[in-house]
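The next block holds one structure in the form of structure tokens; read it before the comments.
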């Protein structure tokens, strides 16, 4: 009985110790400040360029965070490879999508599918009896149509990537529909940010 009482006392003493100001000071100096310095160094580029007025800066912070998570989950993760690597694949896909949003290169992606944008032929023409000019597009109709198609396709790609990004982060699987006779990890596809932990 005495051993049991001592074990319980030791258990509560340990909880007390981890909330004691001496331990909290030690933890701050030993772990938290060095981790803060490492984080500042890792996020130095997105932090340096961060501005509040545009979501591209937030994309960049998320992109860096996910790159770090994918790299460490792949090399240091303790979960079995079969499910862990599915998560890493999905995280890397998010990084790829966020890179496209950061670079805003959807017109380039559309051009890769539909061909290069035709050269524009614009000219300013003075409006009669006025000090103003109008901008005229003198490109052939076929070139104007191709330009319109490329920009429309660029917008479609952007919308598709946006939907895919949030589908991956949210998790696009309903676990209630999984077949109980089939292994969970054979049905799991790696999506769902809430499950990306080690």
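Just so it is clear, none of the values below were taken in a lab; they were calculated from the coordinates. The structure displayed is predicted, hence computed values, not measured ones. All Cβ positions, even for glycine, are placed from backbone atoms using ideal geometry, and neighbour counts span all protein chains on display.
Computed from Cα positions, the angle between helix 33-42 and the longest principal axis of the chain comes to roughly 20 degrees. Spatially, the stretch 48-105 and the stretch 117-155 are offset by 39 Å when compared through their Cα centroids. With an a/c value of 1.5 or above and a/b not larger than b/c for the gyration tensor axes a ≥ b ≥ c computed over the alpha-carbon atoms, the stretch 15-82 is described as oblate. Here residue 103 and residue 152 are evaluated by their C-beta separation; at R0 = 25 Å the FRET efficiency comes out at 0.80.
What order do you get for 84-96, 118-130, 134-146, 51-63 when each peptide is scored by the mean count of other beta carbon atoms within 10 Å, highest first?
Details: 84-96: 18.8, 118-130: 9.3, 134-146: 11.9, 51-63: 13.5.
Output ranking for 84-96, 118-130, 134-146, 51-63: 84-96, 51-63, 134-146, 118-130.
Computed on the chain, with alpha-carbon pairs under 8 angstrom and 6+ residues apart, the relative contact order is 19 percent. Using only Cα atoms, find the angle between the long axis of helix 81-103 and the longest principal axis of the chain, and express it within 0 to 90 degrees, rounded to the nearest 10. That helix lies at roughly 40 degrees to the long axis.
The Rg/Rh ratio of the chain, with both radii computed over alpha carbons and Rh defined as the Kirkwood radius, is 1.22.
Just from its helices, what would the mean residue ellipticity at 222 nm be for the chain, if runs of 4 or more DSSP H residues each count -39500 (n - 2.57) and the sum is divided by every residue, rounded to the nearest 500 deg cm²/dmol?
Details: 9 runs with 128 residues, N = 198.
Taking each H run of at least 4 residues, the total per residue is -21000 deg cm²/dmol.
Sorted on the mean count of surrounding Cβ atoms within 10 Å across their residues, most packed first, peptides 29-35, 150-156 read 150-156, 29-35. The angle between the Cα long axis of helix 141-170 and the main principal axis of the chain comes to about 10°, on a 0 to 90 degree scale. The label-point distance for residue 130 and residue 79, in a model that sets each label 7 Å from Cα toward Cβ, rounds to 6.2 nm.
Between residue 25 and residue 5, what FRET efficiency comes out of the Förster formula 1/(1 + (r/R0)^6) with R0 = 35 Å and r the beta carbon distance, rounded to 0.05? The partial results should precede the final answer.
Details: r = 31 Å, r/R0 = 0.87.
The pair residue 5/residue 25 has a calculated efficiency of 0.70.
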